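One structure is given here, and the rest of the page talks about it.
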Amino acid sequence: MPPPLQNQPKGRRLLSFPAVYPCEGIAPGPLLASLLSLAADMASRGAGDAGSFPVLRRSVRQAVRIAGLLLAFLEEIQDATITATDLPSSAVLGLTELHVAMQKLRFLLTDCARRGARLWVLVNAGLAASELRGVLGSVATAMDVLPRGVVDVSVEAGDLARLVSEQAWRMVVRPDAGDERTARSVRSIMEQFKSGISPDAEDARRLLNCIGVRSWLECSEEIAFLEDELRMRLDGAVDDRSNDVVLINSLTAFLVYCRVVLFDHIDRNPKGDAASAAALPARCPDWIRPDALQCPITLDLMTDPVTVSTGQTYDRASITQWFKAGCRTCPVTGERLRTAEVVPNAALRGIIERMLLSNGVSLPDTSSGHRHGALGNTAVPFGPAAAGAARLAVAYIVAQLSTGSTAERRKATCEARKLCKHNVFYRARLVEANAVPWLLCLLSSTDASVQDNAVASLLNLSKHPWGRTALFEAGGVGLVVDVINVGARAEAQQNAAAILFYLSSNPERAEEIGRIPEAIPTLVQLIRDGAARGRKNAMLSLYGLLQCAGNHGKAVGAGAVAALSALLSTTQDDLASDAIALLARLAEQLVGALAVLARPDLVARVAEALAASGSRSGKDHCVALLVSLCRHGGDKVVALLGRMPGLMASLYSLVADGSPQTCKRSRALLNLIHRHYEMGQPAAPASEAGERVVRVL
């Protein structure tokens, strides 16, 4: 049987055929059954439905009619043949060639009706017509070479065979006049974009109607398809990387402009329910726990889930970074991994993809090297048309942010959030168009969706150097801190905390943020009381602020040590590891070290964490913290460490197996402890039974 439509080869380029080989040695019965299934599938397609085939309507309608005639012919063969084994070998050979041609025709009809690829099929209508012409020629040839004994099994079969052959040979395949007019309209609008002129809205709407794109969701699907096509070329998955890249970018920018300007509301699903996809987050199936869709490392929604040898699933980017850090244990179970190889979790990805598509969001293609929408970090050539369309779309968004109604602002912030999430070009254009001050104004919006989208947009813009500068110049840091305190939703608070991480990119800015009285106490409060993702973001941001030595005392005064100490007992190993890393950063200064030493139980728990930690980075931070405590606390701390059971064994192990930096620190710490007890202290360090103290050189 032919493969179902949804299982077509992944990564196959539109309007091209995968390798389709003749069926060698196939039994006549399955071959005839497969041909009947193929013909029935194509004959059942709505040839007269302009919505199903918005391009090449006339040619596709004729091709489907030929498939119907072929189905009738095959049914005559089936009825006239006592058993399929009665077919002679020459007939099997002819039917095999027909099977190859029919598979190609099926692929081509699927492409012409593909939802989300209609604009691309339109601009490639000439190529589609050429491919269809060749496939129909193959069908006619296969019919002509069938043995007469098969064709003439009945009068009806003979008539049908001749009719199929004649129509396939005589059929004129070319783009419809309407297709050519619509393609000219696309080129005309592109020329207007090059000149910085906004096209007439009705002209653009009429063009989209011609290809059946009538909603925000359908426009988003077209954009997602073109982004995948572009990614394939940039990854070298196709040969003509340079030929179509600028065209694809221009078409994408045109569709972005249309989505921003022409559609007043955002559809949540193909049924066109009027609601904001950002306002109503996607829901996972009732039988799936929501946290099962989050990466255990980052606690973000997984976009490329992969499974390691212990059976745990992580996002590919997160577990890859874990391996690059030298860790060879499972972050969740702590078990040592037999191999660093990972297996894609196709089932979970499918669940996530269906969940996101219901909200008009598509997952990036992960069949290639680019991950998580990496197009934005790639040198993608934006031609004059694409650049012009992008600037006009951004100008419209900023106008809606500044003067629009609540509904218009909700949509505008959603568009800004989507455009700047992965694309550096759109980030720069939004900053250039002065979007940052208006987004800051919307942080105080009473509409939770507007606030969420504004914060997320600012988070993405803060990743760009111009965006960080604009945020500081607009005096937006205090407003961001306020959102962490009183954000309407937890997501807004978490994203606001992450903004401070990007803003604290250098010591000068970290010092400026620290001068805001509420900044550091607010982060500490989020570490103490927030959800897991909020705590992680707050710790990252506080870590960045501690680049400035003056912020250490403020963090200690805000109760950071107590908040971090509480996280050491959490069952989430990643939070505990982050807490130790932040304690190590605090202890680099005297005020931080003294605050840690004021809690003797905390020092003991750090020593226990050193022995229990399964990650190399966790051990590194534990040792760094202990070294800082010894440097600032003196002999009392050294004596305290020497009396801790098991610590010496852990340090010796790191001397042998740790990273170069940790090995150096462990050796220094061991020698410090030995020297302390060798200089006439009354008692040797307590250790486990049988443990010997050896000086390390």
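The values are calculated or read from the model by the stated rules, or taken from the named source; none is laboratory data. Keep in mind the model is a prediction, meaning the values are calculated, not measured. Reconstructed Cβ throughout: ideal geometry from the backbone, glycine too, with neighbour counts over all protein chains shown.
A compact table of results
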{"quantity": "Residue count for the range 413-435, restricted to those that are closer than 23 Å to GLY475 by Cβ, in contact (Cβ under 8 Å) with a residue 40 or more places away in the chain and in contact with a Ser or Thr (Cβ under 9 Å, 6 or more places away or on another chain)", "calculated": "5"}
{"quantity": "Residue, nearest to the chain's Cα centre (by Cα), within the range 206-216, restricted to residues that are of a type in the set (A, V, I, L, M, F, W, C) and outside any loop (DSSP other than H, G, I, E, B)", "calculated": "TRP216"}
{"quantity": "Among the residues listed as GLU221, GLU166, the single one being in contact (Cβ under 8 Å) with a residue 40 or more places away in the chain and of a type outside the set (Val, Ile, Thr)", "calculated": "GLU221"}
{"quantity": "Considering residues of the range 519-569 that are of a type in the set (Ser, Thr, Tyr) and assigned to a helix (DSSP H, G or I) only, the residue farthest from the chain's Cα centre (by Cα)", "calculated": "SER565"}
{"quantity": "Filter result (among the β-branched types (Val, Ile, Thr) and modelled with pLDDT of 90 or more) within the range 65-121", "calculated": "ILE66, VAL121"}
{"quantity": "Single match in VAL483, VAL524, VAL556, VAL561 (criterion: of a type in the set (Val, Ile, Thr), crowded, with 21+ Cβ neighbours inside 10 Å and more than 26 Å from LEU602 (Cβ to Cβ))", "calculated": "VAL483"}
{"quantity": "Conditions (1) in contact with a helix residue (DSSP H, G or I) (Cβ under 9 Å, 6 or more places away or on another chain); (2) at pLDDT 85 or above: number failed by SER37", "calculated": "(1)"}
{"quantity": "Filter pass, ALA576 being within 23 Å of ARG533 (Cα to Cα), surrounded by fewer than 21 Cβ atoms within 10 Å (Cβ to Cβ) and under 40 Å from the mean Cα position of the chain (by Cα)", "calculated": "yes"}
{"quantity": "Residue match in the range 439-457 (condition: hydrophobic (A, V, I, L, M, F, W, C), in contact with a Gly (Cβ under 6 Å, 6 or more places away or on another chain) and farther than 24 Å from GLN525 by Cβ)", "calculated": "no"}
{"quantity": "Members of the range 217-247 found to be modelled with pLDDT of 85 or more and either within 20 Å of the chain's Cα centre (by Cα) or farther than 24 Å from CYS420 by Cα (or both), listed by number", "calculated": "LEU217, GLU218, CYS219, SER220, GLU221, GLU222, ILE223, ALA224, PHE225, LEU226, GLU227"}
{"quantity": "Inter-residue pairs, beta-carbon under 9 Å, first outside the structural domain of ARG328 (by TED's automatic domain parsing) and in the range 650-676, second of a type in the set (Phe, Trp, Tyr), 6+ apart", "calculated": "SER666/TYR652; LEU670/TYR652"}
{"quantity": "VAL380 being in a helix (DSSP H, G or I) and either outside the structural domain of ASP304 (by TED's automatic domain parsing) or modelled with pLDDT of 95 or more (or both)", "calculated": "no"}
{"quantity": "Residue check, LEU526 among the aliphatic types (A, V, I, L, M) and farther than 28 Å from ASP452 by Cβ", "calculated": "no"}
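Listed here are the residues, each with its yes/no results for (1) among the hydroxyl-bearing types (Ser, Thr, Tyr); (2) at pLDDT 75 or above; (3) under 21 Å from the mean Cα position of the chain (by Cα).
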residue	(1), (2), (3)
PRO364	no, no, yes
GLY404	no, yes, no
ALA412	no, yes, no
LEU419	no, yes, yes
